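Shown next, in structure tokens, is the structure this report addresses.
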Amino acid sequence: MIISIKDFVLTGKFGDISIGMNKDQVIDYLGEPYKITNYKNERFGLYYNGFRFLYSTTNKIYAITCQDFNDFFIEKPNTRVFALNDGVEVDTYFFTVSEPIKYKEIINRIKIENIKYKEHQDKFWDKIIFESGVEFLFNNWCEYPEDEDYDKNELELCGFRNFPIKEKI
């Protein structure tokens, strides 16, 4: 099975997994996670090779995240496919996984595809936010802690997530 990051961006769904789904449905779909974390605040996470599916005591998924992007995705030279587990691959679509991807490269790709988005900046992140609520995150505080004139186009993708948001594009 192949899960598309483009479809995730457009729909907010990770394959057949969506926000509000029961955690057992995620396990049925993806298989056993390699790790289940208890964050001790009535929040938990299912881990699948870089992806987290966060849920609370209701057992409902409230977020789908992929952080530390470069630690997980840079594994196969010149490919767009990343193994999530033995039976599931992720078609990364927006980027090859052999090198860090920059902000400007993501913007160029989504403009070519005519995908609606908005840009947002706060003290930790430069973000690209899609209509689905999916956010691409670019860390702007570690590399440029004191330089207010940094070039966001050169920031590297750190991760992406679907934490449902109220504001729409």
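The values are calculated or read from the model by the stated rules, or taken from the named source; none is laboratory data. Predicted, not measured: the structure shown is a model, and the values here were computed from it. Because the Cβ atoms are built from the backbone with ideal geometry, glycine has one as well, and the counts that use them run over all protein chains shown. Ligands, DNA and RNA are stripped out before the accessible areas are found, and what is left, the full protein with its side chains, is counted by its heavy atoms. Shrake-Rupley method; radii C 1.70, N 1.55, O 1.52, S 1.80 Å.
General remarks:
- Sub-7 Å Cβ pairs linking a first residue in segment 35-52 that is touching a residue at least 24 places away in the same chain (Cβ under 8 Å) and among the β-branched types (Val, Ile, Thr) to a second residue that is in a strand (DSSP E or B) and surrounded by 14 or more Cβ atoms within 10 Å (Cβ to Cβ), at least 6 apart or interchain, number zero.
- Search result, residues across segment 14-34 that are closer than 13 Å to Ala63 by Cβ and either loosely packed, with under 15 Cβ neighbours inside 10 Å or among the charged types (D, E, K, R) (or both): Gly20, Lys23
- Unmet criterion (only one of (1) at pLDDT 90 or above; (2) in a loop (DSSP other than H, G, I, E, B); (3) open to solvent by 30 Å² or more (accessible area, probe 1.4 Å)) for Ile115: (3)
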